[in-house]
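The values are calculated or read from the model by the stated rules, or taken from the named source; none is laboratory data. Predicted, not measured: the structure shown is a model, and the values here were computed from it. Here the Cβ positions follow ideal geometry from the backbone for every residue, glycine too, while neighbour counts run over all protein chains shown. With ligands, DNA and RNA removed, areas are computed over all heavy atoms of the protein, side chains included. Shrake-Rupley method; radii C 1.70, N 1.55, O 1.52, S 1.80 Å.
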Amino acid sequence: MLGTVFRAARGTKDIQPQEQKYWRYVEGKAADLGRRHGFKRIDTPTFESSDLFTRSVGEGTDIMDKETYTFLDRGGDSLTLRPEGTAPVCRAYLEHGMHSLPQPVRLYYFCPVFRYDRPQAGRYRQHHQFGVEALGDGDPIVDAEIVQIGWTLMSDLGLKDLSLVLNTIGDLKCRPGYIEELKAYYSGYNNRLCSDCKQRLEHNPLRLLDCKKESCQPLQDEAPASADHLCDECQEHWDQLRHYMKVMNIPYTVDHRLVRGLDYYTRTVFEILPPDEGAQSTLLGGGRYDGLIEQLGGRPTPGVGFATGMERLILNVQRQEVPVPEEEGPRYFIATMEDKGAEVALDLAARIRRTGVGVIQGPRGRSLRGQMHNANSMGVPQVIIIGEDEVAAGTVTLRDMATGDQKTVPQEEFLRGLEED
Ligand code: HAM
């Protein structure tokens, strides 16, 4: 009997060679957009001290309470696999004294993210994010730029019919008063709340607003809105941001139920949603987090950013049948006959590759027909045949797989042609 057949761990997946073109496509568009906005790439470690996330994402959030992968290392330190990218970037900003650079510091990242979530379409336990963060500037025009990047990314990717939802959740000055209003409102309906919402009312009242249970929806619709309870500074920020949205001509709706699942947000929050999908499938989410760096031990430093799930972007690119460029494969396949031919091919292949052109050496000991078949299935457009005659004469026979045309030329002449290409 065979041993256990291993499979990828639940909620994780391989990115197989045939899927890579989607990843390169999305990464390419995202990185180029980052570059055009003057963002620089940063990579942070896969795990961090657990306290970093407890202090930022926040105790009482689903992510910290139910979804982190936390472990003690052999030295007894508690570490957590990154459940999001913002806190690590803020930690790096502090650690490397980036406050002394011109502000805002604009950073972007691609990274795997780990959440012990219930796996389903577009929801994984390891997913990958592209994120941008602008640190050190509280101006709402920076919020506008961040929203603009998110929105432009979608159109650069060729995605259509998406919607942008915006909200403000105030700051430490005005939010406590709003939360009291919210609690007072919900307390009146305690008997209509789902069991999760009863907990939320106690521990995280803002999250009452984005409960997905059908029975809780009508209560959300009527709930007090944070935008109606802003202090003067938050109101001014909100008014300016909406003005800039008009200037940028980006369509959006305001949804007072949008609060996001992480504790660090202040003022602006936003999401981009795909057409006809539940909130489960949010494509991109972000907002402002002006208190976060201070919470992590730094001087008060504002910040704003977003992250988007690569898997979800790719899912939508595929669903919307966006044409994605094929990755360039090797141009040549060398089919050889007999051992001497294979030896010649070994050297010839190395010389071809030095010119920058891709080539695969065919398997030894198979018939010419079999090797042609191989080349065809791999989609290689040209086969170089090195049989007995070619070895003897120092030539190569080139076969165009599409037309079947063949010609024999001296090896050196063929290589010269490649160099001149
Ligand atoms: P988030 O909304 O938790 O925000 O995640 C950002 C995006 O990651 C989501 O919109 C979604 O596309 C994707 N995502 C989240 N969870 C999963 C999952 N289990 N499977 C697949 N994709 C998923 C943040 O993480 C914040 N750090 C965003 C941010 C950056 N805010 C400010 N700066």
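I need the shape label for segment 10-152. Rule: rounded when a/c is under 1.5, else prolate if a/b > b/c, else oblate, with a, b, c from the alpha carbon gyration tensor. Intermediate results must be reported in sequence, preceding the final value.
Values: a/c = 1.84, a/b = 1.15, b/c = 1.60.
Oblate shape, in that a/c is at least 1.5 and b/c is the bigger or equal ratio.
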Any idea how far the Cα center of segment 1-70 sits from the one of segment 363-379, in Å? 39
Roughly how many debye, to the nearest 20, is the charge dipole of the chain about its Cα centre, given +1 on each Lys and Arg Cβ, -1 on each Asp and Glu Cβ, and no other charges? 720
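Over the chain, what is the percentage of antiparallel beta bridges among all DSSP beta bridges, to the nearest 5?
On the way: 49 of 61 bridges.
Rounded to the nearest five, the antiparallel share is 80 percent.
If r is the Cβ-Cβ distance from ASP139 to ASP51 and R0 is 22 Å, what FRET efficiency results, to the nearest 0.05?
Details: r = 31 Å, r/R0 = 1.39.
My answer for the efficiency is 0.10.
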Coarse-grained scattering of segment 107-222 at q = 0.19 Å⁻¹, given as base-10 log I(q)/I(0) from a Debye sum over alpha-carbon atoms: -1.21
Over all viewing directions the Cα convex hull of segment 14-82 casts an average projected area in nm² of 7.2
For segment 87-170: accessible area per residue (Å², 1.4 Å): 34
So, taking all protein chains as they sit and a 1.4 Å probe, how much accessible area belongs to ASP339, in Å² rounded to tens? 90
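State whether segment 196-319 is rounded, prolate or oblate according to the following rule on the C-alpha gyration tensor (a ≥ b ≥ c being the square roots of its eigenvalues): a/c under 1.5 gives rounded; otherwise a/b larger than b/c gives prolate, and the remaining case gives oblate. Let's see the in-between values first.
On the way: a/c = 1.34, a/b = 1.09, b/c = 1.22.
Here segment 196-319 falls in the rounded category.
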Which value, in Å², gives the accessible area per residue of segment 319-421 when a 1.4 Å probe is used on the protein heavy atoms? 61
Rounded to the nearest 10, the angle in degrees between the Cα long axis of helix 232-248 and the longest principal axis of the Cα atoms of the chain comes to 40
Given a 1.4 Å probe and every protein chain left where it sits, what share in percent of the accessible area of the chain is carbon and sulfur? 48
Charges on Cβ only, +1 for Lys and Arg, -1 for Asp and Glu, centred on the Cα centroid of segment 145-224; of ASN204, ILE149, LEU162, which one is farthest towards the dipole's positive end? ASN204
